[in-house]
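These notes concern the structure reproduced below.
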Amino acid sequence: ALLENPQLFRQGPRGALYSRKLFGLAMAEAAYMGLVCFWVPAQVIRFAESGGGHEVLGYFQYTGIILCVNAYIAITTKHWTAVHLAAMAVSIVCYFPFCLFLSAYGFGGRGAPEIVFVDLIFWITM
């Protein structure tokens, strides 16, 4: 493809579509999102009544990440199709039963999802 259509690949080396500045902005945004997805739940769990240890914190943070990533994708998607909607819905809907399944069979802390998903503080933070 490169030898047949070299004009298609000239923009990359010139930095016309993606520059160091855009890369830096993307890295700063990723660092900010990572810090928010880690520290906000960590501080909320620290002062919450449910406690629960690192398993509860893990479910709390990962649920926030799942919802945050899907919201980010929804905001940045320009053209929606049924496939996009289905993929996002399946991603969110399948996450909660999967957590309960893992917990029921001893992976990821027994009872941690039940503590997290029924806590009002959890849903207010999300």
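The values are calculated or read from the model by the stated rules, or taken from the named source; none is laboratory data. Quick caveat, the model's predicted, so the values are computed rather than measured. Heads up, the Cβs are rebuilt from the backbone with ideal geometry, glycines too, and the neighbour counts pull from every protein chain shown. These accessible areas exclude ligands, DNA and RNA; they are computed on the full protein's heavy atoms, side chains included. Shrake-Rupley method; radii C 1.70, N 1.55, O 1.52, S 1.80 Å.
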Open item on the list: When you check HIS79 against the structure, is it modelled with pLDDT under 80 and over 13 Å from the mean Cα position of the chain (by Cα), yes or no?
Closed with: no
Task: First in region 28-46 and free of Cβ contacts under 8 Å to residues at least 24 places away in the same chain, second anywhere and of a type in the set (A, V, I, L, M, F, W, C) and surrounded by 10 or more Cβ atoms within 10 Å (Cβ to Cβ), Cβ under 7 Å, 6 or more apart - done: ALA42/LEU57; ILE45/VAL56; ILE45/LEU57; ILE45/PHE60
- [ ] Could you tell me whether any residue of region 27-34 is surrounded by 10 or more Cβ atoms within 10 Å (Cβ to Cβ) and under 26 Å from SER103 (Cα atoms)?
- [x] yes
Open item on the list: Among the residues of region 48-62, are any at pLDDT 80 or above and open to solvent by less than 60 Å² (accessible area, probe 1.4 Å)?
Closed with: yes
- [ ] Scan region 97-107 for residues that are in a loop (DSSP other than H, G, I, E, B) and small (Gly, Ala, Ser) and report the count.
- [x] 1
TODO: For GLY24, work out the one condition from (1) of a type outside the set (A, V, I, L, M, F, W, C); (2) open to solvent by 50 Å² or more (accessible area, probe 1.4 Å); (3) more than 21 Å from ILE124 (Cβ to Cβ) it doesn't fulfil.
DONE: (2)
